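Data first, discussion second: the structure below is written as structure tokens.
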């Protein structure tokens with residue numbers, strides 16, 4: 001979509017100033033500059049026209065109605081913690097900042113659900129649910145910062161995906177505003193429901209290109225009565241990956257199974273790297289946590305693990321998990337990370353890890369790898385000098401080969417971070433021409449003038 005005309009931009013600002021409360025519209029250049037990038041470090045060309053700080057659904061409907069009429073592109077945004085450039089706002093765009101819509105509207109213990117606005121921080125919802133013996137199961141690494149709206153927009157995953165699924169598995173219904181300002185409500189308050197097409201699932205993961213989410217009805221789950229956590233060190237990442245697959249073959253479905261390679265361990269704490277070249281973390285939960293952990297320990301005893309620790313104490317468990325939770329902050333201290341999130345069939349996780357190491361060596365590009373091992377989701381992270389204006393050619397070439405590898409092994413370009421702008425050029429390779437064209441027609445049906453987050457996802 002081309003940039004709006006100067007006349008259209010001026011008209012839009014005048015209408016928004018007239019129809020929105022006085023504290024909603026911002027045009028300060030310093031403030032606007034922050035919206036041109038996100039946590040991925042991706043930077044859009046130019047700068048946004050203005051920002052609307054939405055506090056209610058009515059702010060969103062007014063904004064979109066005027067933007068649609070004048071064909072001005074709109075970029076929905078939450079906390080800006082995305083890792084694929086999906087919320088970056090470029091030249092002439094209007095930012096719709098939803099972080100101020102941060103109320104928990106309802107928390108029902110009887111129905112085990114919550115109704116929340118999109119700006120609610122993920123960890124805060126989990127804490128609110130915890131006060132009632134419940135929890136919000138999705139557990140992205142950015143939970144302390146990211147918002148529910150952003151998690152839904154990217155269909156975010158996290159550490160507990162192995163057992164509880166990604167964000168889509170916890171979204172029962174949505175209130176969303178279409179490009180022309182029309183409010184729609186999808187889904188229901190029940191776990192089951194098959195009336196009509198599943199618009200809730202369609203909007204989840206659509207990266208702000210189909211509609212703007214203004215509230216969500218989310219499934220909550222009981223806090224587990226017990227947890228058991230194991231940490232095992234291995235001589236190689238491949239051996240750790242094979243051990244993870246062996247746990248699945250043994251019939252155990254852990255709440256989480258996380259892999260961390262040696263370079264990441266060294267970045268977090270050099271003392272951890274001295275214990276092994278890979279760390280496998282496994283956590284079982286529920287009434288059978290102890291028995292499942294015993295089964296995992298038995299599996300690990302038959303692998304190449306050099307040491308295995310086990311605890312059922314929550315504080316000790318968090319200490320064991322600290323190496324995984326601290327991985328991304330540690331890599332961000334080294335430079336600018338390009339964080340990929342391919343996924344492959346679980347049986348091919350070790351093969352993928354081996355080939356990623358070969359790609360790293362061939363292009364002389366350091367790649368740090370962590371993984372949600374139980375669902376085959378790898379994060380090969382390329383770290384580059386933050387002083388560079390862009391990514392070096394070698395880094396792009398390595399990333400392209402990693403994406404090609406994922407597809408060749410029967411996997412996907414993105415397991416949980418979304419396409420954004422970083423992976424858009426490879427989307428057609430995964431979808432194929434017919435499915436790609438169908439998805440474009442769906443986009444046109446929801447957003448015929450193409451104003452919602454243009455240049456992203458497809």
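Examine the range 104-127 for a residue that is in a loop (DSSP other than H, G, I, E, B) and under 19 Å from residue 341 (Cβ atoms), and state whether such a residue exists. Checking the range 104-127: not a single residue is in a loop (DSSP other than H, G, I, E, B) and under 19 Å from residue 341 (Cβ atoms).
Here is a yes/no grid of residues against (1) under 28 Å from residue 58 (Cβ atoms); (2) more than 17 Å from the chain's Cα centre (by Cα); (3) crowded, with 17+ Cβ neighbours inside 10 Å:
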{"residue": "99", "(1), (2), (3)": "yes, no, yes"}
{"residue": "113", "(1), (2), (3)": "yes, yes, yes"}
{"residue": "120", "(1), (2), (3)": "yes, no, yes"}
{"residue": "135", "(1), (2), (3)": "no, yes, yes"}
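When each of 371, 398, 394 is tested for being part of a helix (DSSP H, G or I) and either surrounded by 24 or more Cβ atoms within 10 Å (Cβ to Cβ) or modelled with pLDDT of 95 or more (or both), the lone residue that passes is 398.
Output the residue which, of all residues in the range 243-282 that are assigned to a strand (DSSP E or B) and touching a residue at least 60 places away in the same chain (Cβ under 8 Å), is farthest from residue 312 (Cα to Cα). Out of the qualifying residues, it is 261. The residues of the range 287-301 that are touching a residue at least 60 places away in the same chain (Cβ under 8 Å) and in contact with a helix residue (DSSP H, G or I) (Cβ under 8 Å, 6 or more places away or on another chain), listed by number, are 296, 300.
Let's see how each residue does on (1) farther than 15 Å from residue 393 by Cα; (2) surrounded by 20 or more Cβ atoms within 10 Å (Cβ to Cβ):
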position	(1), (2)
334	yes, no
343	yes, yes
353	yes, yes
366	no, no
377	yes, yes
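Quick check, is residue 347 surrounded by 19 or more Cβ atoms within 10 Å (Cβ to Cβ) and over 19 Å from residue 417 (Cβ atoms)? Answer is no for this residue. Looking for something at pLDDT 95 or above, in the same structural domain as residue 57 (by TED's automatic domain parsing), more than 30 Å from residue 154 (Cβ to Cβ) and surrounded by 15 or more Cβ atoms within 10 Å (Cβ to Cβ) - is there at least one such residue anywhere in the range 24-41? Within the range 24-41, not a single residue is at pLDDT 95 or above, in the same structural domain as residue 57 (by TED's automatic domain parsing), more than 30 Å from residue 154 (Cβ to Cβ) and surrounded by 15 or more Cβ atoms within 10 Å (Cβ to Cβ).
Checking each residue in the range 296-334 for being assigned to a loop (DSSP other than H, G, I, E, B) and closer than 22 Å to residue 253 by Cβ picks out 302, 303, 305, 312. Filtered by the rule that a residue be assigned to a loop (DSSP other than H, G, I, E, B), within 26 Å of residue 84 (Cβ to Cβ) and over 19 Å from the mean Cα position of the chain (by Cα), the range 193-214 gives a lone residue, 198. Of the residues making up the range 58-79, those that are within 24 Å of the chain's Cα centre (by Cα) and either in the same structural domain as residue 120 (by TED's automatic domain parsing) or more than 24 Å from residue 142 (Cβ to Cβ) (or both) number 1.
Considering 339, 356, the condition of being over 21 Å from the mean Cα position of the chain (by Cα) and closer than 25 Å to residue 408 by Cβ is satisfied by 356 alone.
Residues checked against (1) assigned to a helix (DSSP H, G or I); (2) touching a residue at least 40 places away in the same chain (Cβ under 8 Å); (3) under 19 Å from the mean Cα position of the chain (by Cα):
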{"position": "143", "(1), (2), (3)": "no, no, yes"}
{"position": "149", "(1), (2), (3)": "yes, yes, yes"}
{"position": "163", "(1), (2), (3)": "yes, yes, yes"}
{"position": "180", "(1), (2), (3)": "no, yes, no"}
{"position": "186", "(1), (2), (3)": "no, no, no"}
{"position": "191", "(1), (2), (3)": "no, no, no"}
{"position": "216", "(1), (2), (3)": "no, yes, yes"}
{"position": "230", "(1), (2), (3)": "no, yes, no"}
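Among what's in the range 128-141 and is touching a strand residue (DSSP E or B) at 6+ places or on another chain (Cβ under 6 Å) and assigned to a helix (DSSP H, G or I), pick the residue that is nearest to residue 96 (Cα to Cα). Among those residues, the one meeting the criterion is 128. Checked against the criterion of being out of contact with any strand residue (DSSP E or B) (no Cβ under 8 Å at 6 or more places or on another chain), at pLDDT 95 or above, within 20 Å of residue 241 (Cα to Cα) and outside any loop (DSSP other than H, G, I, E, B), the candidates 438, 407, 378 yield just one match: 407. Taking the conditions (1) assigned to a helix (DSSP H, G or I); (2) farther than 22 Å from residue 212 by Cβ in turn, residue 444 satisfies each one other than (2). In the range 159-170, of all residues being buried (at least 23 other Cβ atoms within 10 Å of the Cβ) and out of contact with any strand residue (DSSP E or B) (no Cβ under 6 Å at 6 or more places or on another chain), the one that is farthest from residue 122 (Cα to Cα) corresponds to 166.
The values are calculated or read from the model by the stated rules, or taken from the named source; none is laboratory data. Nothing here was measured: the structure is a model prediction, and the numbers come from that model. FYI the Cβ positions are ideal-geometry reconstructions off the backbone, even for glycines, and counts take in every protein chain you see.
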